[in-house]
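The values are calculated or read from the model by the stated rules, or taken from the named source; none is laboratory data. Small disclaimer: the values here were computed from a predicted structure and weren't measured. Note that each Cβ is placed from the backbone with ideal geometry, even for glycine, and that neighbours are counted across all protein chains shown.
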Amino acid sequence: MSNKNRLLILNNAGRVFRPVFILPILAVIFHGCGSGSSDNSSSFDRSSLLSNYCDNIIIPGYEDFYNKSIQLHESVVLYSEGTSTLQDCREQLYNSYLSWQRVMPFAFGPAYNNLLNVSVNTYPTDASQIEQDILNGIWNPPTSDFDHFGLPAIDYLLNFKDQHDSDELVRLQQLTSHLVDLSSEVYNNWNDAYGADFKSSTGTELGSSISQLLNSFNQVYEQNVRKQKLGLPVGISGAIDIGNSLPDKVEAFYANTYSIDLLYEALLSFQDLYNGDYYLNEQKIEGLGLDDYLISLGEEEYGSELDDDIQNQVEVSLAAISTLSSPLSEYVVSNRDEAISVYIELQALVVLWKVDMMGSLGVLVTYADNDGD
Amino acid sequence: MIIKSNLLSMIAISAVISFASCTNNDDDVSYTIPDTYEFSDSDGNSTVSFSGQTQRKDMLGEITTYMKTGNSGMTVDAQQLQNMYANSGYTWLQNGSDPADLGGDLNASTKQLQNKTGNGRPDEADIQNYFLSLMDGLSAASNGTDGEILSGYLQSASTGKEWVQLIEKGLMGACFYHNISTYYLGDSKMNVDNTTPVDPEAGKYYTEMEHHWDEAYGYFTDQIDYDPNASTKRFWGKYAGGSREELLGTATALSEAFRTGRAAISADDMDTRDQQISIVREQMELAVGGTAIYYLNKAFNDLSSGAEAGTKNHHLAEAEAFIYGLMFGGEASFSKAEVEEMMSDMSDYNSLTGADIHAIRDQIATGLNISDSHRDNL
């Protein structure tokens, strides 16, 4: 697989000429003579798919992230009062980071309107600005610059320092409280009205729930998983190999030991999301997912065979991530070539999901990639 | 199926129509609305002319090209810019040698942008001074005063504002839109002679009223065969397209209204003309406000995707320029004070939050009766 994928990295533009694009175009043309408003010949039950995503994955995911944010905030408050340990705060931060990977893919609707994703996890964080914020003391919510807020800023404060003065503790509480407010707002929005709207929009047109979900899925995978978690640390930005690693670009840089766990958890999150799987009492339950949607298109190259390719490539990628050794910031420097070969497996999923799957399902990619690939 | 129904509607538009509403008129009103903006007198002489508008658009094009040299670190001279604006003491690069330049040799033109900026408004001088001061600001920034080049755009180091956008797209509002919606489609230019050709000896086969309508059209587009979906258009012909055309149908509606109104004038059907004036005003305002919303959405998207501040501020400057334009409508939904308040709400781009951007956007959408779903997707 890897030779083919290297070619794709060198020449990303070429992949759009893969024949899959003919399929949805033909489908649209022929369907124009039919009756339904759907632009895909499949009779797949998108309504049930959306309900499964909303009720079993997205809302419980935000509920968990909200709860983890509260626990993180409370641990920081107790630590400030001297009734809990720094170690406890660090553990809560780790849990918050893990929980975030489960809702990160849903960067549309309430998350979009509240700028949740950039507020929670913009990194590398600006340590000197955080120090300035501590001196200022007052709380100003983020406007344009998000790189001194959210989990990365908390990572800096909790993991870079072993002791904290009162000003630092004030800032920590401001930052964790901000996370609680944000996660509560987005969770409530989904619960109050947005979830119902999401489930009722069953088409595949621009602005439909499927279009928003899949565009967000792909954009977040491409930019926040593939590129941010591994691409930039190994020194690959889009199609460009800059020739050396950038170790300070890893996620949770100050904790130093989380980066690979977070990458692995993110891919598990995308695997479950793709499969529509969720957890009840820590039991994994198989729900209706994108895999079923593809399989419903039939036993053909862009139906169940594409699902097979995706399932296989996810497993290959998870196995590849397991070959990385922690801390990632050191590994990308000492074993750059090996790290790049893991990146190539992650890149192969972009092709399968963004190009082939979107083409098969007849959903347009509407987000523009700002790094030219 | 889409292709067929478009064809049908085109046939319908070009069909001979009779207006039952014209009962006040003794004549039996029956005339053809052409598919393109082509009109001629009974001898077959074309009565359409808007060369002055084409020249002004060419001038704004050359001004913009000059202003953008500041983006690559070159000095922009305020005096030259103001000379270009007033078409006085400046030698245009567009000298007629390139047949692709529709306006021909600009050095032979007596037209200018400045005296057509907010012309006829009581605050005309203030409006023109606003642009002159923006030109001074751009020049100073290009000389290092309060200027920095971010994401390839020369912007204010203190507020993030981008003069090039405020000037170019601001003039689309204060000059082009104002002249379409308020000046030429206003009473003083519409309640004029519509029986006598102005000067057939000089090739002016049109009546005064026909010519005024053409001048409004010329500020919208210089294309006789206007295609709402083609990407080759400029200024309003372009910005009435895109997502505004896709969701609000502005470009198609404007093209139809301009052709229908012009045909009505030639047939002396004033009721239909007046209906079309209202449609042009309404649809132009949707194009102005819809484009402002489009750029505010882009700026919000920049925040959400962590784009560079320079890119976001570029989109905010474009948005502000179109918001500014909202005060120039013939039947404006926003007062000047309301427009100025929105602009003052975005006086410092760098401190604008996502919620601030959405608040301004929603105010425009509400004022123009744009649905939430269209607002979100413009």
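Here A:ASN218 meets the list (1) under 17 Å from the mean Cα position of the chain (by Cα); (2) within 28 Å of A:VAL355 (Cβ to Cβ); (3) more than 14 Å from every other protein chain (Cβ to nearest Cβ) almost entirely, failing just condition (3).
When each of B:MET84, B:MET10 is tested for being outside any loop (DSSP other than H, G, I, E, B) and at pLDDT 95 or above, the lone residue that passes is B:MET84. Looking across the range A:272-299, the residues that are part of a loop (DSSP other than H, G, I, E, B), closer than 24 Å to A:ASN215 by Cα and of a type in the set (D, E, K, R) come down to A:ASP277, A:GLU286.
Conditions tested, residue by residue: (1) within 13 Å of chain B (Cβ to nearest Cβ); (2) small (Gly, Ala, Ser).
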| residue | (1), (2) |
| --- | --- |
| A:PHE149 | yes, no |
| A:ALA153 | no, yes |
| A:TYR156 | no, no |
| A:ASN159 | no, no |
| A:ASP162 | no, no |
| A:ASN189 | no, no |
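Only one of the listed residues (B:LYS238, B:LYS298) is among the basic types (Lys, Arg) and in contact with a His (Cβ under 8 Å, 6 or more places away or on another chain). That residue is B:LYS298.
Scanning the range B:214-242 for residues that are free of Cβ contacts under 8 Å to residues at least 60 places away in the same chain and part of a helix (DSSP H, G or I) gives B:GLY237, B:LYS238, B:GLY242. Here B:ASN297 meets each of (1) within 14 Å of another protein chain (Cβ to nearest Cβ); (2) not in a helix (DSSP H, G or I) with one exception, condition (2). The number of residues in the range B:301-313 that are more than 8 Å from chain A (Cβ to nearest Cβ) and touching a helix residue (DSSP H, G or I) at 6+ places or on another chain (Cβ under 7 Å) comes to 3. For the range A:310-326, indicate whether the set of residues that are surrounded by 15 or more Cβ atoms within 10 Å (Cβ to Cβ), assigned to a strand (DSSP E or B) and modelled with pLDDT of 95 or more is non-empty. No: zero hits. When restricted to residues that are β-branched (Val, Ile, Thr) and in a helix (DSSP H, G or I), the range B:134-168 contains 2. The residues in the range B:179-194 that are surrounded by fewer than 10 Cβ atoms within 10 Å (Cβ to Cβ) and part of a loop (DSSP other than H, G, I, E, B) can be counted, and the count is 0. Listed by first and then second residue, the pairs linking a residue in the range A:265-286 that is farther than 15 Å from A:GLU63 by Cα and touching a residue at least 24 places away in the same chain (Cβ under 8 Å) to a residue that is buried (at least 17 other Cβ atoms within 10 Å of the Cβ) and of a type in the set (Val, Ile, Thr), with Cβ atoms under 6 Å apart and 6 or more places separating them unless they lie on different chains, are A:ALA266/A:VAL225; A:GLN271/A:VAL314. Of the residues making up the range A:32-65, those that are modelled with pLDDT of 95 or more, among the hydrophobic types (A, V, I, L, M, F, W, C) and either under 30 Å from A:GLN174 (Cβ atoms) or not in a helix (DSSP H, G or I) (or both) are A:ILE58, A:ILE59, A:PHE65.
Counting only residues that are loosely packed, with under 14 Cβ neighbours inside 10 Å and not small (Gly, Ala, Ser), the range B:80-101 holds 5 of them.
One line per residue, one yes/no per condition, for (1) among the basic types (Lys, Arg); (2) out of contact with any Lys or Arg (no Cβ under 8 Å at 6 or more places or on another chain); (3) assigned by TED's automatic domain parsing to the domain that holds A:GLU91:
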position: A:ASN189; (1), (2), (3): no, yes, yes
position: A:GLY195; (1), (2), (3): no, yes, yes
position: A:GLN219; (1), (2), (3): no, yes, no
position: A:PRO233; (1), (2), (3): no, no, no
position: A:SER245; (1), (2), (3): no, no, no
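Selection within the range A:222-250: residues that are of a type in the set (Val, Ile, Thr) and either over 8 Å from A:VAL332 (Cβ atoms) or surrounded by fewer than 23 Cβ atoms within 10 Å (Cβ to Cβ) (or both). The member of this set that is nearest to the chain's Cα centre (by Cα) is A:VAL225. Taking the range B:195-211 as the range and being surrounded by fewer than 16 Cβ atoms within 10 Å (Cβ to Cβ) and assigned to a helix (DSSP H, G or I) as the test, the residues that pass are B:PRO200, B:GLU201, B:ALA202. With respect to being touching a residue at least 60 places away in the same chain (Cβ under 8 Å) and farther than 16 Å from A:MET104 by Cα, A:VAL234 fits the description.
Scanning the range B:350-378 for residues that are in contact with a Phe, Trp or Tyr (Cβ under 6 Å, 6 or more places away or on another chain) and over 22 Å from B:ARG281 (Cα atoms), we see that the one that is farthest from the other protein chains (Cβ to nearest Cβ) is B:ILE357. The single condition from (1) within 14 Å of another protein chain (Cβ to nearest Cβ); (2) polar (S, T, N, Q); (3) in a helix (DSSP H, G or I) that B:SER347 fails is (3).
Residue by residue, here is whether (1) within 23 Å of the chain's Cα centre (by Cα); (2) more than 14 Å from chain B (Cβ to nearest Cβ) holds:
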{"position": "A:SER144", "(1), (2)": "yes, no"}
{"position": "A:ARG171", "(1), (2)": "no, yes"}
{"position": "A:GLU185", "(1), (2)": "yes, no"}
{"position": "A:ALA193", "(1), (2)": "no, no"}
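Tell me whether the range B:334-341 contains one or more residues that are within 14 Å of chain A (Cβ to nearest Cβ) and within 23 Å of B:SER158 (Cβ to Cβ). No.
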